[in-house]
Amino acid sequence: MRALLKRFFNDQTGSIVAEAVIVLPFMLWAYLALFVYWDAFRSVNISQKAAYTVSDMLSREMVTLPTTYVDGMQTLMSYLVGTTTGVRMRVTSVTYSTTKKQYQVEWSRSPNNALPQLTTTSIADLASQIPTMADGDHVMLVETEVDYTPPFDIDMGDFSINIGNRVMKQFVVARPRFVPKICLTGVTCT
């Protein structure tokens, strides 16, 4: 019996067809898995760059913004991401008050009301994401959401790769570069 087992383990003959039938499904699964993960990474990267581009545009403004400007940034965001559906954005002007020890919303706008406007009460939930600010300092928050649907859902039992539909969220804080704060038409800007 020992001789038979030794001969079996030392035998290196085989059929290339049989080996291909065993290995090919795993190779295809690995290829598609890499494709799906790379596509998800690419989508996160694109949405992040688009959010930073919009934030940088805002930080360079020196005049009171018309409400159509924020709508135009939504159009730019959709163009940069490469889709007109499933893209949402909210722009908020925030200041900090040391006397009240809280962040206060000056104004908040979301094109087509896709995201709810932030208020001084609701921004308290985001306080951990906003950097420490001096009294009376102003920043612009740009929040974006982009829907993502993977090109494939790969199911091989225990080896499933299912990223599933996701929302790629970005949160960018930018300080105005040339003016103390950026105002919005129709909002009192002291």
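The values are calculated or read from the model by the stated rules, or taken from the named source; none is laboratory data. Predicted model, so just to flag it, every value in this text is computed and none were measured. Heads up, the Cβs are rebuilt from the backbone with ideal geometry, glycines too, and the neighbour counts pull from every protein chain shown.
Looking only at residues of the range 100-133 that are aliphatic (A, V, I, L, M), buried (at least 16 other Cβ atoms within 10 Å of the Cβ) and out of contact with any helix residue (DSSP H, G or I) (no Cβ under 8 Å at 6 or more places or on another chain), we find that the one that is nearest to VAL146 (Cα to Cα) is LEU115.
Quick grid of which residues meet (1) surrounded by 10 or more Cβ atoms within 10 Å (Cβ to Cβ); (2) in contact with a Gly (Cβ under 9 Å, 6 or more places away or on another chain); (3) farther than 25 Å from ILE123 by Cβ; (4) among the basic types (Lys, Arg):
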| position | (1), (2), (3), (4) |
| --- | --- |
| ARG7 | no, no, yes, yes |
| ASP11 | no, no, yes, no |
| ALA30 | yes, no, yes, no |
| TYR69 | yes, no, no, no |
| GLY82 | yes, no, yes, no |
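Between PHE41, PHE26, the distinction of being surrounded by 11 or more Cβ atoms within 10 Å (Cβ to Cβ) and either part of a helix (DSSP H, G or I) or in contact with a strand residue (DSSP E or B) (Cβ under 7 Å, 6 or more places away or on another chain) (or both) belongs to PHE26 only.
For the range 27-35, check the following and say yes or no: at least one residue is modelled with pLDDT of 90 or more and within 25 Å of the chain's Cα centre (by Cα).
Checking the range 27-35: not a single residue is modelled with pLDDT of 90 or more and within 25 Å of the chain's Cα centre (by Cα).
For the range 1-23, residues that are of a type outside the set (S, T, N, Q), modelled with pLDDT under 85 and not in a helix (DSSP H, G or I) total 2.
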